[in-house]
Amino acid sequence: MFGENMVGAGELNPYENAKKQIDRACEHISVDDGVKTWLKHCEKELCVNFPVKMDDGSVRIFTGYRVQHNTARGPAKGGIRFAPDVNMDEVRALATWMTIKCAVVNIPYGGAKGGVTCDPTLLSDGEKERITRRFTYEIVPIIGPEKDIPAPDIGTDGQIMAWMMDTYSMLKGYDNYGAVTGKPIRVGGSRGRTSATGRGVMFCTREALKKKGINEKGARAVVQGFGNVGSWTAKLLHDNGVKIVGISDISGALYNNEGIDPYDLYEYALKNKMMIKGYPKAEEINEKDLFSLECDVLIPAAKENQITSSNADVIKAPIIVEGANGPTTPEGEKILLEKGVFIVPDILANAGGVTVSYFEWVQNRESLYWKEAEVNEKLEAIMLESFYDCLQYSEEHKVGMRDAAYILAIERIADAIKVRGVFP
Ligand code: GLU
């Protein structure tokens with residue numbers, strides 16, 4: 001991450017940031033102190049160190065995590081990340097954001113997250129499969145369709161979810177499609193799941209542009225990230241007439257004032273190890289200049305801690321829609337809010353993924369599968385309702401959209417806790 005050395009050490013701990021966000025929202029409502037403290041702890045944390053046989057015959061020990069943050073509103077739900085920097089505090093933060101996210105879009109789940117510290121780009125398919133199966137075996141005691149349901153996140157995909165589901169089913173002795181979401185369609189996946197997060201980001205971008213009085217046709221967008229979320233967001237915005245003037249991934253950043261065709265760029269990336277570097281129909285720019293491009297909307301869709309106190313001031317976009325989880329630190333956000341930037345926070349903007357995961361889980365339970373149009377229609381209804389719920393809260397409480405989303409979520413979680421009571 002650029003600018004990393006220029007910010008205070010505390011600013012980049014995502015779990016501390018998640019807790020700060022809870023504290024900040026609670027200033028605007030009367031929440032029981034016990035509930036507030038509860039939300040700043042994770043209910044269950046599992047760390048596993050497990051062996052895996054590598055292709056060269058050696059045995060390597062990998063570290064993995066599964067954290068369940070809160071289950072007051074339903075079973076825990078959240079993705080599995082395979083990345084070199086996965087650590088306990090990151091997983092705790094991501095699990096906390098899942099609880100809040102599921103409450104914002106009002107689906108009956110709590111929050112969880114998991115991950116394995118590894119670099120999937122350096123692993124063969126066989127190694128990835130053995131890591132996935134052994135990791136699943138290690139966390140089986142705490143997951144399950146009624147307890148905690150994993151899904152894809154950075155570095156994982158439908159194939160990895162299929163291996164997780166298969167391992168879980170083998171251990172239980174019967175097929176259990178609903179134990180994992182984000183699976184390929186032929187093994188119980190939902191139509192529309194792969195594009196769902198990007199589609200949700202697109203709906204939020206559309207509504208944010210409307211709110212700011214900017215015409216979507218011809219609006220200029222900059223997208224950071226060209227993984228599942230970034231690429232689908234860019235494609236769906238392009239379909240709506242939005243011009244993608246800047247885009248980046250780990251290999252570099254591209255700029256074209258006339259707009260970049262994300263479908264063409266995707267075809268290029270497919271032939272280039274999924275990297276966008278060297279794309280001939282755009283100019284290569286320095287990654288740190290991406291955020292200062294003139295545009296109507298900036299979409300960070302890569303990972304956490306990208307907009308911080310060290311670079312928030314260079315942003316010219318009047319709208320930010322967070323495709324990634326935790327891309328903006330509280331210090332970075334303060335600068336943006338002072339400048340009047342309209343921020344659609346991660347816990348709303350990227351909730352399309354978990355919403356369609358919920359649809360997948362429902363379809364698995366019913367063994368009845370929906371058409372893609374039905375999935376997309378139901379997703380749109382939930383995203384729109386949630387966007388306008390948050391907007392209403394933001395106006396009523398005179399706060400930004402993030403605080404509004406937290407207030408709405410915390411009220412819902414606190415209500416569930418109140419009516420359930422505290423066991424025993
Ligand atoms: N990993 C995604 C997220 O951060 C999806 C989680 C899910 O589908 O359970 O929202």
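The values are calculated or read from the model by the stated rules, or taken from the named source; none is laboratory data. Here the structure is a predicted model, which means the values were calculated and not measured. Positions of Cβ are backbone-derived with ideal geometry, glycine not excepted, and every protein chain shown enters the neighbour counts.
A few points about this structure:
- Output for the stretch 176-191, where each listed residue is under 27 Å from I250 (Cβ atoms) and crowded, with 21+ Cβ neighbours inside 10 Å: V180, T181, G182, K183, G189
- Selection count, the stretch 73-92, where residues are more than 25 Å from R420 (Cα to Cα), within 11 Å of the ligand (Cβ to nearest atom) and out of contact with any Gly (no Cβ under 6 Å at 6 or more places or on another chain): 1
- Going through (1) crowded, with 16+ Cβ neighbours inside 10 Å; (2) part of a strand (DSSP E or B) one by one, V31 falls short only on (2).
- Those residues of the stretch 42-80 which are of a type outside the set (G, A, S), farther than 25 Å from A18 by Cβ and outside any strand (DSSP E or B), in sequence order: M54, D55, D56
- Contacts under 7 angstrom Cβ, first residue in the stretch 338-353 being over 12 Å from G400 (Cα atoms), partner away from the ligand (no atom under 11 Å from the Cβ) and among the basic types (K, R), 6 or more apart: G352/R199
Quick grid of which residues meet (1) surrounded by 16 or more Cβ atoms within 10 Å (Cβ to Cβ); (2) more than 16 Å from the ligand (Cβ to nearest atom); (3) within 12 Å of D148 (Cα to Cα):
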position: R60; (1), (2), (3): no, yes, no
position: T71; (1), (2), (3): yes, no, yes
position: V105; (1), (2), (3): yes, no, no
position: V116; (1), (2), (3): yes, no, no
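- Residue within the stretch 250-262 that is under 16 Å from A302 (Cα atoms), in a helix (DSSP H, G or I) and hydroxyl-bearing (S, T, Y) present: no
- Within the option set T96, T121, T132, being away from the ligand (no atom under 15 Å from the Cβ) and surrounded by 19 or more Cβ atoms within 10 Å (Cβ to Cβ) holds for one residue only, T132.
- As for the stretch 6-19, it holds no residue that is touching a residue at least 60 places away in the same chain (Cβ under 8 Å), in contact with a strand residue (DSSP E or B) (Cβ under 8 Å, 6 or more places away or on another chain) and over 17 Å from L348 (Cα atoms).
- Each residue in the stretch 164-176 was checked for being within 15 Å of the ligand (Cβ to nearest atom) and free of Cβ contacts under 8 Å to residues at least 24 places away in the same chain, and 1 of them qualify.
- Listed by first and then second residue, the pairs with beta-carbon distance under 6 Å, at least 6 apart or on different chains, first residue in the stretch 104-130 and farther than 19 Å from W163 by Cβ, second part of a loop (DSSP other than H, G, I, E, B) and of a type in the set (A, V, I, L, M), are V105/A351.
- The set of residues in the stretch 313-335 that are surrounded by fewer than 20 Cβ atoms within 10 Å (Cβ to Cβ) and assigned to a loop (DSSP other than H, G, I, E, B) comprises K316, P318.
- Residue-level check: of (1) outside any helix (DSSP H, G or I); (2) in contact with a strand residue (DSSP E or B) (Cβ under 8 Å, 6 or more places away or on another chain), E127 misses just (1).
- Just one of the numbered conditions (1) of a type in the set (S, T, Y); (2) assigned to a loop (DSSP other than H, G, I, E, B); (3) crowded, with 23+ Cβ neighbours inside 10 Å is not true of S310: (3).
- Residue within the stretch 179-189 that is at positive phi, within 12 Å of the ligand (Cβ to nearest atom) and either at pLDDT 95 or above or in a helix (DSSP H, G or I) (or both) present: yes
- Check on K277, free of Cβ contacts under 8 Å to residues at least 40 places away in the same chain, out of contact with any strand residue (DSSP E or B) (no Cβ under 6 Å at 6 or more places or on another chain) and part of a loop (DSSP other than H, G, I, E, B): no
- Candidates E138, E43, E129, filtered to the one that is under 30 Å from D415 (Cα atoms) and modelled with pLDDT of 95 or more: E43
Yes/no per residue for (1) among the charged types (D, E, K, R); (2) within 24 Å of the chain's Cα centre (by Cα):
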| residue | (1), (2) |
| --- | --- |
| P262 | no, yes |
| Y266 | no, yes |
| I276 | no, yes |
| P280 | no, no |
| E283 | yes, no |
| F291 | no, yes |
| V297 | no, yes |
| N305 | no, yes |
| A317 | no, yes |
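- When the stretch 288-307 is filtered for residues that are under 26 Å from E258 (Cβ atoms) and part of a loop (DSSP other than H, G, I, E, B), the ones remaining, listed by number, are L293, E294, C295, D296, A301, A302, Q306.
- Subset of the stretch 196-224 that is outside any helix (DSSP H, G or I) and among the β-branched types (V, I, T) - its residue that is farthest from F359 (Cα to Cα): I214
- The stretch 142-163: number of residues that are aliphatic (A, V, I, L, M), part of a loop (DSSP other than H, G, I, E, B) and near the ligand (Cβ under 9 Å from one of its atoms): 1
- Some residue of the stretch 118-139 being within 23 Å of V344 (Cβ to Cβ) and not aliphatic (A, V, I, L, M): no
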